[in-house]
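The values are calculated or read from the model by the stated rules, or taken from the named source; none is laboratory data. This is a predicted model, so every value here is computed, not measured. Cβ: placed from backbone, ideal geometry, glycine included. Neighbour counts: every protein chain shown.
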């Protein structure tokens, strides 16, 4: 599997993902309102450095950052089309903005900087288990002492195998994504079936702990869609 394959559907046609988010089928409005509230709890507004892995077009994160601006924002994504749109959505930020085309795992493993917030939305579930463990190790190495890893992603139930998860998620898609044209819905279903490898919550927490990120909080959950924050420091105010 090449790094580009899991996101090929969105690299070819970013408009499909925008369609899904426009109808809020994956709870983006609720999730990103929670992200904004979470960032407001940081004690370093205007000064923190944020790395956004699998940033897409940053359509939903950008408005959050207008209210809780970082000093530095760096986004990484495989889709040049999405990055082109991100330049527009992020254009009003007062932050220093850098956008890079690349694979998120390669980006975090080769990072030579320290980040106060590492954010990733609906991307890590494309990685295999060993790659997720590598991701957490790299994130733990790159986070500042009071840094946060914020992860928005789909998560399996405890003791639920992948096939059962996929059966449930594909049912959810076919029953609720009613405004997606049929051919695009089936393309999306094929993408999920072929490339989604979500973990259960305990596995993610275990990987994080092994990487030195011993504190974690579940910020929100909407069906299978979770928002989690990990840190090496105690998350007292979260």
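Of all residues in the range 15-41, those satisfying the criterion of being out of contact with any helix residue (DSSP H, G or I) (no Cβ under 7 Å at 6 or more places or on another chain), surrounded by fewer than 19 Cβ atoms within 10 Å (Cβ to Cβ) and over 22 Å from residue 187 (Cα atoms) are 29, 30, 33, 34, 37, 40, 41.
Taking the range 96-171 as the region of interest, the strands (runs of 3 or more DSSP E) fully inside it that hold 3 or more residues being more than 23 Å from residue 211 (Cα to Cα) are 96-101. Restricting attention to the range 172-198 and to residues that are assigned to a loop (DSSP other than H, G, I, E, B) and surrounded by 13 or more Cβ atoms within 10 Å (Cβ to Cβ), the residue that is farthest from the chain's Cα centre (by Cα) turns out to be 180.
When the range 1-41 is filtered for residues that are part of a loop (DSSP other than H, G, I, E, B), at pLDDT 85 or above and more than 15 Å from the chain's Cα centre (by Cα), the ones remaining, listed by number, are 23, 24, 25, 40, 41.
Residue 54 meets all of the listed conditions (1) under 21 Å from residue 193 (Cα atoms); (2) modelled with pLDDT under 95; (3) in contact with a helix residue (DSSP H, G or I) (Cβ under 7 Å, 6 or more places away or on another chain) but one, namely (2).
Residue count for the range 77-90, restricted to those that are surrounded by fewer than 19 Cβ atoms within 10 Å (Cβ to Cβ) and either on the phi > 0 side of the Ramachandran plot or touching a strand residue (DSSP E or B) at 6+ places or on another chain (Cβ under 8 Å) (or both): 2.
Has the range 68-76 got at least one residue that is in contact (Cβ under 8 Å) with a residue 60 or more places away in the chain, surrounded by fewer than 24 Cβ atoms within 10 Å (Cβ to Cβ) and under 21 Å from residue 29 (Cα atoms)?
Going through the range 68-76, the residues in contact (Cβ under 8 Å) with a residue 60 or more places away in the chain turn out to be none.
No, every residue in the range 68-76 fails to be in contact (Cβ under 8 Å) with a residue 60 or more places away in the chain, surrounded by fewer than 24 Cβ atoms within 10 Å (Cβ to Cβ) and under 21 Å from residue 29 (Cα atoms).
Does the range 199-210 include one or more residues that are touching a strand residue (DSSP E or B) at 6+ places or on another chain (Cβ under 8 Å), farther than 25 Å from residue 64 by Cβ and assigned to a loop (DSSP other than H, G, I, E, B)? Checking the range 199-210: at least one residue is touching a strand residue (DSSP E or B) at 6+ places or on another chain (Cβ under 8 Å), farther than 25 Å from residue 64 by Cβ and assigned to a loop (DSSP other than H, G, I, E, B).
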